[in-house]
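These notes are about the structure you will find just below.
Readers should treat all values here as calculations from the given coordinates under stated rules, not as data from a laboratory. No experiment lies behind these values; they were computed from the predicted model shown. FYI the Cβ positions are ideal-geometry reconstructions off the backbone, even for glycines, and counts take in every protein chain you see.
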Amino acid sequence: MQSLKSLMLVGAAALAFMPGARAADWPGSQPPAPSEKGPLLVQEFASGWYIRGDVGYRFNSTSGGSAFGTPFDSTSFANTPAYGGGFGVKYGWFRTDITFDFMQPTQFTGSTAAISPLVQNEITAYTGLINGYVDLGTWWGMTPYIGAGIGASFVRTGDLTAVFPGPDQVVIGHPGVVDFAWAAMLGFAYPIYPNLQVDVGYRYLHVGSARTDVDPFGPVTYGNLNANEIRVGLRYQLD
């Protein structure tokens, strides 16, 4: 009996000094597994400076406009590609950038009930905007966002062709005007390479207005120039 008691004491002492056995015997004694942060969370909250380049297609429209004091009854403003680029900084879910866009010469036509077309011209626009965006989290690798921007456009007209004051009257284009511009955007970004994202989005852009002075008959105005734009670009994170 004494030997059995001694054997039991030795066994208990051995178990007491075996950490593996204690961990198995006591629930919750094992340390919790280290948590792992997925790459999407890192992507969502990445911050730093970036540069961007964009191409887009503009579905242009215009409202109003007149020729020599006579309002247009109808206008058309052709659709066109547009190109842009810029730089900015991202901090958590907020980012801001400065962008510059170029709209190549685009055909404008203004008509009245009596004369169609009354005026034909090409309009070129350069737009600079300061933009702010809110990223809405990362879902299945995509980061949707909304944004808005304000700035200015330099809008220039080409050589005007007008039926009035004379058949096929050609007037040298106006040197250009600077007008207020603004934009509203939504889209999403998707990583395609380390530090590189593709940005696909929609933008509504108020380009501004334009005019051509025809002395002594008065100005030709082209209304408020607007665009619904589909854009695809690349954003490269610098750090």
- From the option list Phe94, Phe100, Phe108, single residue qualifying as at negative phi, buried (at least 18 other Cβ atoms within 10 Å of the Cβ) and among the aromatic types (Phe, Trp, Tyr) is Phe108
- For Asn228, the lone unmet condition from (1) closer than 16 Å to Pro81 by Cα; (2) surrounded by 18 or more Cβ atoms within 10 Å (Cβ to Cβ); (3) among the polar types (S, T, N, Q) is (2)
